[in-house]
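Where a number appears in this text, it was derived from the coordinates with a stated rule and is not lab data. Predicted, not measured: the structure shown is a model, and the values here were computed from it. Backbone-built Cβ (ideal geometry, glycine too); neighbour counts: all protein chains shown.
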Amino acid sequence: MRKTTRYHSDRFRLNNQLMWPILLVLFLSPFAFGSTKPSLWLLWSLLISLCGAVLFGRMALSNARFRIAPRNLPVLFCLFALLGAFMLFQALPLGVLSSAATSIADPGVLITLDTISLTPHDTILALVRWATYGLLFFLVLQITSNPQRARAFINLLYWAIVIHAVVGLLFLLQFGDTILGIPKWKYFGSALGGFINRNSFATFLAFGSVLGVNLMIERMTERLSGKGDNSILGTYLGKGGVVIIGLGWLILVITLIATNSRMGLFAGCCGMIASVVLALAKKSANTNRTGIWLFLLVIPVLVGIGMLGYGTMFLERLGHVGDASDVRMQLYQQVLQMIESRPLLGFGGDSFEYAYPLFHQAPVSVDLVWDKAHSTYLSLWAEYGLVFGSLPMLIVAIIVLQLGAAYVKAPGQEMLIRSGLCVILVGAVHSLVDFSLEIEAVTFAFIAIVAAAWARQFELRNAGTRDGS
C-alpha cells in the first residue's frame, strides 16, 4: 500500500471517529438550558478542544494533510482571527489608553476604566466562545469533507433536533409544563425543551424544520436519479423515506408552534419556503418538481392545522404584536445611543448587560432586566463597535455568496448547500429582533449546518482533486 493511500485511510477513520463526540456535544448542549452559563461554555470548549487536539495530533503522527485546511479559507480565517484579536485588545489593561464610561440615564455617574471593555473578564469568556465556534467550524469541515459522511452527519443532527422537539412537547403537555422536570419561572404554556427561552428553542427547531424539508426533497430527487432504493415504496415508506422524515418534520412544526414564538415561526417558515423555492429554481432533469411544488401548499396548511391544536396562546400573542413592537423600538433607540457613544471601540464583548443600565431610562420598563439587546446586530455593534462588530456579519455574507455561487454551478440539486443557505436565512431573520444566535447551543447547530454546506461547496469547486477521504 502506498503511503498516500495509508494517510488517506487514517484520515478517513479519524474523521469517522471524530463525528460522534461532535454530535454528542450538539445533542447535549441544548439540554443544559441552552448552555447559557460560563461553566458550560468552558465545558464544551474543553471537549471541542480535546477533539481538536486529537485531530491535530493524529494528523501530525500520520504526516497527513487536512482535506480542508485553514489556507483553503484565507479570507474567512483572517476576519475570524481579527475579531478574536480585537476581543483580546478590549480586555487588556491599556493604562495610557484607558477610557471612561458615562451614563445618560444618570449624568452624575462616571466609570473610569483601564480597559476598553466595561467587563474584561466577560470579554475573555466571549473570546473563549468565539474560539470554540471557530474550532467547531473547522472540525465539522473535516467530518463533512466526505459527501456520504456529510449526509449521515446532517441526518443524525436532524433526528437529534426531532428528539429535542419530542422532549419539549412531552414536558409541556405530560410533565406539568416544566423545563426537563424543573418548575418554570416564566414562559408558562410554551414549549421550551431544555432551553430557558422560547425564542431560542424556536430558532433551534426552525433549523431542524429546514433540514426536514431539504431531506425530503433530496429523497424524492434520489428516486428520479436512480440512487438507492428508487421504488415508490422505498422512496416514501422505506428506511429514511419521505414519510419517516416527514413524521419528524411534523413534530418539529407542531413544537415550533407550541413555543409561541412569533418571530421564530415566521423565520422557520421563511427558511422552509426558501428551501422549496431554491429547489424549484434549480433546473435539473432529476428534480421531482410536482412533489416539490406540493411543499408550497403543505407548509402553510400544516402550520394552519398546527395552529388549531397548539396555537391558542400563539394567536393571543399575535394580538399584542403592536405593543411589543413599541417596546422594542424604544429599547432599540437607547441601544443606538450606546453605539453612538462608542462607535469604534464598543463596550466590550459580553458587556451589554452591564453597559445598558447606563442608558436605561423611561419609557423602557424598569421592572425588567434587559440583559440582551434583542437584536444580535445591535448587540454586536454595541459590544464591539461598528467596524469590528460587523465582522461576523461579513463572514456570514461571504459564506452566503460562496454557497450561492456553488449552488448555481452545481450540476444537480444540492441538499447540503441549500440547507446551509436557508438556515442562514432563519438565523438572519430572527436575529433582527432577538438573540437566539447569542445562545451557545443554537450557535453550535447553526455552525455545524453551515460548515457542512461550506464543505460541500469546497468539494464541488475542487471536484477534480477529490480522493473520497
> What number comes out for the charge environment of Gly189, summing +1 per Lys or Arg and -1 per Asp or Glu over other residues with Cβ under 13 Å away?
Replying inline: +2
>> Would any residue of segment 352-377 have its amide N under 11 Å from a label point 7 Å out along Cα→Cβ of Gln333? List them or say none.
In response: 362-364
>> Can you tell me, using C-alpha contacts under 8 Å and at least 6 residues apart, the relative contact order of segment 156-228 as a whole percent?
In response: 27
> Dividing the convex hull volume of the alpha carbon atoms of the chain by its residue count, what do you get in Å³ per residue?
Replying inline: 151
>> What translational diffusion coefficient, to the nearest whole µm²/s, does segment 1-78 have by Stokes-Einstein, given a Kirkwood radius computed over alpha-carbon pairs, a temperature of 20 °C and 1.002 mPa s viscosity?
In response: 148
> What net charge is computed for the residues neighbouring Gly427, neighbours being all others with C-beta under 12 Å from the C-beta of Gly427, Lys and Arg scored +1, Asp and Glu -1?
Replying inline: -2
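Magnitude of the Cβ-charge dipole of segment 327-469, K/R +1 and D/E -1, about the Cα centre, nearest 20 debye?
The calculated dipole for segment 327-469 is roughly 600 debye.
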>> Give the residue list of trypsin sites (Lys or Arg not before Pro) in segment 270-379 that are DSSP loop and have at most 14 other beta-carbon atoms within 10 angstrom.
In response: Lys283
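Per DSSP H run of at least 4 residues, take -39500 (n - 2.57); add these up for the chain, divide by its residues and hand me the 222 nm value, nearest 500 deg cm²/dmol. Please report the intermediate quantities before stating the final value.
On the way: 17 runs with 315 residues, N = 469.
Dividing the helical sum by the residues of the chain leaves -23000 deg cm²/dmol.
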>> How far apart, in nanometres, would the label points at Cys78 and Asp371 be if each is projected 7 angstrom from Cα along the Cα-to-Cβ direction?
In response: 3.8
> So how much slack lies between Ala60 and Lys283, counting 0.36 nm per residue of separation and subtracting their Cα-Cα distance, in nm?
Replying inline: 75.9 nm
> When Lys and Arg each count +1 and Asp and Glu each count -1, what net charge do the other residues less than 13 Å away from Gly168, Cβ to Cβ, add up to?
Replying inline: +1
>> From the phi angles alone, apply the Karplus equation (6.51, -1.76, 1.60; θ = phi - 60°) to segment 47-54 and give each ³J(HN,Hα) in whole Hz, x where the residue is Gly or Pro.
In response: 5, 5, 5, 4, 4, x, 5, 4
> Picking from Phe188, Ile217, Ala373, whose Cα lies most toward the positive end of the charge dipole for the chain (charges on Cβ: Lys, Arg +1; Asp, Glu -1)?
Replying inline: Ile217
> If amide H atoms are built 1.01 Å from N in the plane of the peptide, which residues on other chains or at least 5 residues away come under 5 Å of the amide H of Ile179?
Replying inline: Lys184
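Computed over the Cα atoms, what is the radius of gyration of segment 316-468 divided by 2.2 N^0.38 Å, N being its residue count? Intermediate values should be presented prior to the final figure.
Numbers: Rg = 19.0 Å, N = 153, 2.2 N^0.38 = 14.9 Å.
In units of the globular-protein estimate, segment 316-468 measures up at 1.28.
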> Among all lysine pairs in the chain that are eight or more places apart or on different chains, how many have alpha carbons less than 25 angstrom apart?
Replying inline: 11
> Taking only C-alpha pairs under 8 Å that are 6+ residues apart, what is the relative contact order of the chain in percent?
Replying inline: 21
> Label Leu247 and Asp114 with points 7 Å out from Cα along Cα→Cβ: what is the distance between them in nm?
Replying inline: 6.4
>> Could you list His374, His121 so that the one with the fewest beta carbons within 10 Å of its beta carbon is first and the one with the most is last?
In response: His121, His374
